[in-house]
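Enquirer: Got a structure for you, questions after.
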Amino acid sequence: MLNVFTVDVEDYFQVSAFEKHVRRDQWGQWESRVVSNTHRILQLLDRHHVRATFFVLGWVAQRHPRLVREIHACGHEVGSHGYWHRLVYQQTPEEFRTDLRRSRDALQETLGRPVTAYRAASFSITRQSLWALEILVEEGFLADSSVFPIRHDRYGIPDAEPGPHRLETPAGSLWEFPPSVARFAGMNLPVGGGGYFRLSPLPWTLFCLRRINRVRRQPFVFYVHPWELDPEQPRIRAASRTSRFRHCVGLSRNEAKLDGLLRSFPFGRLCDAVC
């Protein structure tokens, strides 16, 4: 069973929790660390002979086209993470389509090949923004990984289907690969990456992910950001304590934990799982 390893390629100052304190028109003024941090992930994946799907922010792709080409040259799939890292449910359908096209075009012009996988900023396809799935199909996307089947203050559809499945829209069908959850006591617990992975002991995460493979007989989807391997990154002091904790917890141990994860499961690209 091939699980899916994914990377959301964005810089530390571009996360949704900081957008009130770091304006998008000021992004260019911040120290960028996305290239060096993405290289760390590429090296880690290479050591384990793993190919993954990298959802690249369009803003990053336009400023670092060589990085996008390096990701592709290493055998990884390149998908879209939108252009401005805006929450989908804070956009109109027209704004979303414009942002989607801009990100897709930046990636396709760099690679010279179609980009057909998408992940929304902060998993922000929720009940409020399910209309975005139809737009994805209309714009030629084949797979999405944006619907998180949990309850959260910023995202999530708690009763969404937890495993890979086909979604039907008025424009056609789309593969949905949700971030992974484990079912305990009638609740979905997030176990597939990000701050949840950094906060939890590695044995617990491995136990939960094995249950998905063995009990549900489904592959799981794991996700990580390049900045999650960078404990020396600048801190956004103006953010709330909650946001700073979520962002910084476990950064110093994360690379070693990822190494343990990659030794424990077979991983591939999202496009491999679709096939």
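Enquirer: From the Cα gyration tensor of the stretch 3-274, with a ≥ b ≥ c the square roots of its eigenvalues, which class applies: rounded if a/c is under 1.5, or else prolate if a/b is larger than b/c, or else oblate?
Expert: Rounded, because the longest to shortest axis ratio a/c is under 1.5.
Enquirer: Still on this model: Give the separation of the Cα centroids, the stretch 1-62 to the stretch 215-264, in Å.
Expert: Their Cα centres are 12 Å away from one another.
Enquirer: Also: Relative contact order, percent, of the stretch 3-274 when contacts are C-alpha pairs under 8 Å separated by at least 6 residues?
Expert: 24
Enquirer: A further question follows. For residue 9, which sequence-distant residues (separation of 5 or more, or a different chain) have an amide H within less than 5 Å of its own amide H, given hydrogens modelled in the peptide plane?
Expert: 55, 56, 57
Enquirer: What does the charge count around residue 221 come to, taking other residues whose C-beta lies under 14 Å from its C-beta (Lys +1, Arg +1, Asp -1, Glu -1)?
Expert: Taking every other residue near residue 221 into account, the sum is -3.
Enquirer: Compute the separation of the alpha-carbon centres of the stretch 160-200 and the stretch 107-156 and state it in Å as a whole number.
Expert: Computed from Cα coordinates, the inter-centre distance equals 13 Å.
Enquirer: Which residues' amide hydrogens lie under 5 Å from the amide hydrogen of residue 144, considering only partners 5 or more residues apart or on another chain, with H built in the peptide plane?
Expert: For residue 144, whose amide H was placed from the backbone, the distant partners under 5 Å are 118, 175, 176, 177.
Enquirer: Among 138, 161, 232, determine the one that fluctuates most according to a GNM of the chain built with springs between C-alpha atoms less than 10 Å apart.
Expert: Ranking 138, 161, 232 by mean-square fluctuation puts 232 first.
Enquirer: Just the number, please: percent antiparallel of the DSSP beta bridges in the chain, rounded to the nearest 5.
Expert: Beta bridges within the chain, antiparallel portion: roughly 30 percent.
Every number here is computed from the coordinates shown, using simple stated rules; none is lab data. As the structure is a prediction and not an experimental result, all values here were calculated from the model. FYI the Cβ positions are ideal-geometry reconstructions off the backbone, even for glycines, and counts take in every protein chain you see.
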